[in-house]
Amino acid sequence: MPPYAYFKKKYMPLSDAKLGLMTHCLHYGTAVFEGIRGNWNSARKQIYLFRLKEHYERLFNGCRVMKIAIPYSVDELCRITVEVVAKSGLKEDVYVRPVAYKSSEALGVRLHGLEDDFFAFVIPWGPYLDMETCRCGVSSWRRPDNSSAPSQVKVTGLYVNSALAKTEAIENGFDEAILLTQDGHVSEGSGENIFLVIDGKLVTPPTYHNILNGITRQTVITLAKQELGIETIERPVDRSELYTARECFLTGTATHVAPISEIDHRKVGNGGVGELTKKLQKLYFDVIRGKNAKYIGWCTPVYK
Ligand SMILES: Cc1ncc(COP(=O)(O)O)c(C=O)c1O
């Protein structure tokens, strides 16, 4: 089955969807994107799209910031997404990439006086990081401050920061980067939020520390509270707390819940998957695959 796309108001194989060389967003990063997972449930022969509406609500927030007038409603985008995955016929874990973008074929850096459009495609995609070990390094690149660029929405141009940090981490022998804020507090990974376990509680950097407020982050906070009775404290986190926390893990749509085994060459806990991380991983995977009836409202089935 080919990966499938919705492009210029039509469904088509991904390989048929092409953008012109002068398309504005390609030159100036003037697009807003999402990453949505569809999770395969083999017993029910179903793909469940996770928290579809919340992803599109965040996309719309990004569009407001970037002055992109998206020619669809949230409900229409949800329907298009279900349709594009259904048309792909894929029967495995998938990843949907919706993009709202400045579509004019015109040069000149600006947001005004340009046309806007939307596309989405689906591809098969397994886990982004190892589910048992992840060696992280604190990056020499800092997370952009909201006073320089809108770090709380998923603007494509901003991801040059994540790309620099990720490649620096890999070239230094790590699996993932942890970025600090401009004033040296822990912000997040290159494409993930970060949690620490301190004194039996979850601690995570607050939204005002230039994080992307992840949908997985919000999911984990809810599951920890409702299913395990564990509170999450959203507060500034110092770099050295990364070295003393009992457990640390990363969360993200692509990443799921991935334990951090080492930070800056210091083991986290005993270097294995921590107890609380393990419990949250199990809860999270059941929820996203539509195996937990209580949270089935977060899962949109693709196949009739
Ligand atoms: C920079 C950044 N932080 C955090 C996240 C996690 O967000 P979510 O859980 O909504 O995927 C992502 C991924 O979207 C990201 O790109």
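The values are calculated or read from the model by the stated rules, or taken from the named source; none is laboratory data. Keep in mind it's a predicted model, so treat the numbers as computed, not measured. All Cβ positions, even for glycine, are placed from backbone atoms using ideal geometry, and neighbour counts span all protein chains on display. The accessibility values were calculated without ligands, DNA or RNA, using every heavy atom of the protein model including side chains. Shrake-Rupley method; radii C 1.70, N 1.55, O 1.52, S 1.80 Å.
Observations on the structure shown:
- Restricting 221, 215 to those that are in contact with a helix residue (DSSP H, G or I) (Cβ under 8 Å, 6 or more places away or on another chain) and modelled with pLDDT of 95 or more reduces the list to 215.
- Among the residues of the stretch 68-86, those that are closer than 19 Å to residue 155 by Cα and outside any helix (DSSP H, G or I) comprise 68, 69, 70, 71, 72.
- When residue 64 is tested against (1) within 21 Å of residue 124 (Cα to Cα); (2) part of a helix (DSSP H, G or I); (3) out of contact with any helix residue (DSSP H, G or I) (no Cβ under 9 Å at 6 or more places or on another chain), only condition (1) is not met.
- When the stretch 205-259 is filtered for residues that are polar (S, T, N, Q), within 11 Å of the ligand (Cβ to nearest atom) and within 22 Å of residue 275 (Cα to Cα), the ones remaining, listed by number, are 216, 218, 219, 251, 253, 255.
- Residue pairs whose Cβ atoms lie under 9 Å apart, separated by 6 or more positions or on different chains, with the first residue in the stretch 158-183 and more than 12 Å from residue 143 (Cα to Cα) and the second aromatic (Phe, Trp, Tyr), are 168/141; 168/174.
- Residues located in the stretch 244-263, provided they are surrounded by 15 or more Cβ atoms within 10 Å (Cβ to Cβ) and farther than 30 Å from residue 52 by Cα: 245, 246, 261, 262, 263
- Against the conditions (1) open to solvent by 10 Å² or more (accessible area, probe 1.4 Å); (2) assigned to a loop (DSSP other than H, G, I, E, B); (3) under 21 Å from residue 59 (Cα atoms), residue 236 satisfies every one except (3).
- Failed criterion for residue 122 (all others in (1) surrounded by 15 or more Cβ atoms within 10 Å (Cβ to Cβ); (2) more than 25 Å from residue 269 (Cβ to Cβ); (3) at pLDDT below 95 hold): (3)
- Looking at the stretch 1-57, the strands (runs of 3 or more DSSP E) lying wholly inside it that each contain 1 or more residues that are touching an Asp or Glu at 6+ places or on another chain (Cβ under 9 Å), of a type in the set (Gly, Ala, Ser) and open to solvent by less than 10 Å² (accessible area, probe 1.4 Å) sit at 4-7, 36-41.
- For the residues 133, 181, the requirement of being under 30 Å from residue 267 (Cα atoms), surrounded by 13 or more Cβ atoms within 10 Å (Cβ to Cβ) and modelled with pLDDT under 95 singles out 133.
- Residue 151 within 11 Å of the ligand (Cβ to nearest atom), part of a strand (DSSP E or B), crowded, with 21+ Cβ neighbours inside 10 Å and among the polar types (S, T, N, Q): no
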